[in-house]
1. Within 10 Å of each Cβ of A:164-177, how many other protein chain Cβ atoms are there on average?
2. Among B:59-72, B:126-139, how do they line up by average Cβ neighbours within 10 Å per residue, starting with the highest?
3. When you look at the Cβ of every residue in A:112-122, what mean number of other chain Cβ atoms sits within 10 Å?
4. Could you tell me whether segment B:46-205 comes out rounded, prolate or oblate from its Cα gyration tensor? Rule is a ≥ b ≥ c as square roots of the eigenvalues, rounded for a/c under 1.5, then prolate if a/b exceeds b/c, otherwise oblate.
5. When the chain is fully extended, how far beyond the present Cα-Cα distance does residue A:191 get from residue A:89, taking 0.36 nm per residue of separation?
6. Taking the Cβ of each residue in B:174, B:163 as the centre, tally the other Cβ atoms inside 10 Å and list the residues starting with the fewest.
7. So how do B:91, A:76 line up by other beta-carbon neighbours within 10 Å, fewest first?
8. What ranking do B:147, A:92, B:105 get, fewest neighbouring Cβ atoms within 10 angstrom at the top?
DNA sequence: CGAATAATTGACAAACGTCAATGCCCGTGG
DNA sequence: CCACGGGCATTGACGTTTGTCAATTATTCG
């Protein structure tokens, strides 16, 4: 089992960069921050005063057990939103997986953002509960299939899917070890369901088979 | 593995009963509905137009896989709220575990309830993500310990905890089989951590040990 | 009191994890 | 441009945990 000590957890500083023109729905220009690979966006216990939209790159949201076991509860790709949380402190860690740009929306005491936040929170809730079904009741091959189908859908249904995260990340998302993830990829490859173009991109050869596996 | 076919899924009708005085925060009297044990409160795919507060009894929220495997994503006890969902249709099933009274808050198009719903949604999101950590990264004894600690906290920290749900429900909540749940209860009993008063109530003898196990 | 249901227990099997060795990318520097 | 090194991924052998199947015991409800 892969374990994360305090030394393993990213300690990189937050590098703020000048914002660029905001191609966003409404409101004033929102700052875009740049995070290098494996840098921390926020930490568990930190005060939560903003929510975030991924401009480019990818983000992982996770929690740790005392002994270092890690569970990634979500990945967020370009265009997706994260970071709104109950109460005033973050319950999770957020890290950039690769070089990532994030648009920050500060939630001031005055402005009422319930209207914007509620649909995001509900969507996150539904996603988390679907993920519970995968972790609680599906075996290794079903979990990987469900993950791949999800990635396909989030990338517009293209045959070729980019996986911005490592095998370790995938394992920690699916509640599996890196070895099991690797073996399942090999099995899917041998069955002719997928083709590994390189470590970070997969071609889906039999979408329907994958879909059925992931239920 | 326990499996649920359409015959197994509750088909009981919704028995509405006259409401009683509403001991609630604000607003007009809200109707209380009564559901007998194992009756359906709402089903996956149904139109969602309300949220619910448990008056007495207990509720399970779950999803099914095509082959009948079930994952319970949450239990709701007296005083707790559930049923608000993204979009217009329910993504889950809600069933009364025992004879249960539920106060129904209809969400009309006009009234804006974001303020009330957002904190509930965020709390649910946090709970779901904590549950993900349990299912993804904890073993059987840790899962049961975490479950018992959660039940203790939700029942005010008393030594004696009531479990309104069956072992099957606990298994489907923790991603374990009923046999494994049973064996873990026995192990905890043999270790002197808990005492089984009867099938549905547990005395916590070593809260600290339990707490440590559940991390 | 007795039947039906739920829970426990045991023997065995299967899935996944652990440990260790090997292989493959990819970036860097000569 | 090629060679080398380091990190990540894959593969194999084996162990552990949990699931499956089946029998037994306990509990609840008529």
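Every read-out reported here was derived from the displayed coordinates using simple, explicitly stated rules and does not represent laboratory data. Note that the structure is a prediction, hence the values are computed from the model and not measured. A quick note on method: Cβ atoms are made from the backbone with ideal geometry, for glycine too, and the neighbour counts reach across all protein chains shown.
1. What the average comes to for A:164-177 is 1.
2. In descending order of packing, they fall as B:126-139, B:59-72.
3. 6
4. Note, shape of segment B:46-205 comes out prolate.
5. 32.1 nm is the gain from fully extending residue A:191 to residue A:89.
6. B:163, B:174
7. The most exposed by this proxy come first: B:91, A:76.
8. B:105, B:147, A:92
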